[in-house]
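Each remark here refers to the structure printed beneath this line.
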Amino acid sequence: MWRLGVLDLIRIGLLVLGVVFVATGLLPWDDALASLDEIGPLLIFLVAIIVLAELTKEAQVFDAIAARMAVLGRGNYAALFFLCTAFASFITIFLNLDTTAVLLTPVMLALAPRARIAALPLAMTTIWLANTASLLLPVSNLTNLLGMEKIGLDAQEFAARMWAPQLASIAVTMVFLWVFYWRRGQRRDLRYTPPLLEPVADRVLFGAASAGCLLFIAMLLLKAHVAIAATAAAAIVVAAFLVRARDRLTWSLVPWQLVIFVTGLFLVVPTLSRHGLSDLMTWMVGTEGDPYRTAAVGAALSNTINNLPAYKAVETVIPAADQDQLLALLAGTNVAPVITPWASLATLLWFESCRRHEVKVPMRRFLLTGTGLAVAGLLATVWTLVRFS
């Protein structure tokens, strides 16, 4: 029997609260329509990219890549470390951080016993890079898509501004991963056992899913709208599954929880901003346009309430012309939500995946190492953003 979890009830409650705000006039109807119109393309992208990622996992594309990485590493943990961080970063950048947290995590955890690899280093690699590697493209993180129009940059211009901060945040993350989770003193084993490669179950589905992902990346490079690119790529993969494995196309592929959450968010935050929240945010970020202060506020709010409402709340008080401050806010809400379990939706979903795979995450260690990464990573990222602006 299908049951609603606590997170589902929170999402539904947020949407109901937003509807109540509109019904009571706290949020004028015209403002509500404008807010929903803003997220229309965003929701189309969100549904399409999650369907694409889910079916790509079903077609065993992620499994095949992960297994071949372990074989390519030849039992050397340092080699595997670089391969895993590169893979997780690539998936986050091009297929969204939730794909890394929700779909890549179980793939990596399933690989661990096959190759006799400690599970925790693999798990921490996926969740940390799901957050810290989500700066480069608008599609990498929902916050980027929320801010893309206000910042006034297309995908290529966005990447041109964020490539250096992205490299900085990934580099700091790799240092923290190696020191606290991957080095021999933490993992205990000297070498791992490369797994035996298994053939994919359906080569047609595998090829179609691979082609869909490549098409999505190619369309982004050709400056296609993210919603159009994701929809076209997902259509190819869905068509292949209709022919080869129709039974796997279920309504559970549709991320209704995210749709409800984002819709509610875009009704509740504008209402609160009209009734005092904007004044509080202005006081917190100041009027000097300091990127370090803005990033710190975004980071603190993300780890307190969640990065999506944190970004939306602060963004409303930053002038559209101040690109540096808006990008610094993105750094705070993307790189730093690695301290608390609820700081990002990806982290919440990651914890659930770890629980299902019986991977114990030491909470004290998670909080302390996450705090260190948040501080060091954010300082390096914002400094690089300012230096290369």
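A few remarks follow.
- Computed from Cα positions, the angle between helix 226-244 and the longest principal axis of the chain comes to roughly 40 degrees.
- The long axis of helix 105-115 is offset from the longest Cα principal axis of the chain by roughly 20 degrees.
- Segment 254-320 - percent relative contact order, Cα under 8 Å, separation 6 or more: 36
- Using alpha-carbon coordinates, inclination of helix 345-356 to the longest axis of the chain, degrees: 30
- Spin-label proximity, Leu222 to segment 63-94 - amide N less than 19 Å from point 7 Å beyond Cα toward beta carbon: 94
- Across segment 335-342, coupling constants 3J(HN,Hα) worked out from phi with the 6.51/-1.76/1.60 Karplus curve, θ = phi - 60°, read 7, 8, x, 10, 9, 9, x, 9 Hz, and Gly and Pro carry x.
- ³J(HN,Hα) computed for each position of segment 128-140 - Karplus, 6.51 cos²θ - 1.76 cosθ + 1.60, integer Hz, glycine/proline x: 5, 6, 4, 8, 6, 9, 9, 9, 6, 10, x, 6, 5
- Per DSSP, loop trypsin sites (Lys or Arg not before Pro) in segment 202-244 with at most 16 further Cβ within 10 Å: Lys223
- For segment 6-387, the relative contact order is 25 percent, taking Cα pairs closer than 8 Å that sit 6 or more residues apart in sequence and dividing their mean separation by the residue count.
- Sorted fewest first by neighbouring Cβ atoms within 10 angstrom, Trp128, Trp178, Trp256, Trp251 come out as Trp251, Trp256, Trp178, Trp128.
- Order of Thr384, Thr24 under a 10 Å beta carbon neighbour criterion, fewest first: Thr24, Thr384
- Dipole orientation for the chain: of the candidates Ala245, Ala66, Ala328, Ala66 has the Cα lying most toward the positive pole (charges on Cβ; Lys, Arg +1; Asp, Glu -1).
- Of the GluC sites (Glu not before Pro) found in segment 305-389, those that fall in a DSSP loop while having at most 12 other beta-carbon atoms within 10 Å are Glu358.
- Count of lysine pairs in the chain with Cα separation under 27 Å (8 or more residues apart, or interchain): 5
- In segment 47-141, the trypsin sites (Lys or Arg not before Pro) that fall in loop regions by DSSP, at most 13 other Cβ within 10 Å: Arg74, Arg116
- Fewest-first ranking of Val314, Val361, Val47, using other Cβ atoms within 10 Å as the exposure measure: Val361, Val47, Val314
Throughout, read-outs are computed from the coordinates displayed, never taken from laboratory work. A quick note: this is a predicted structure, and the numbers were derived from the prediction, not measured. Don't worry about glycine lacking a Cβ; one is built from the backbone with ideal geometry, like all the others, and counts go over all protein chains shown.
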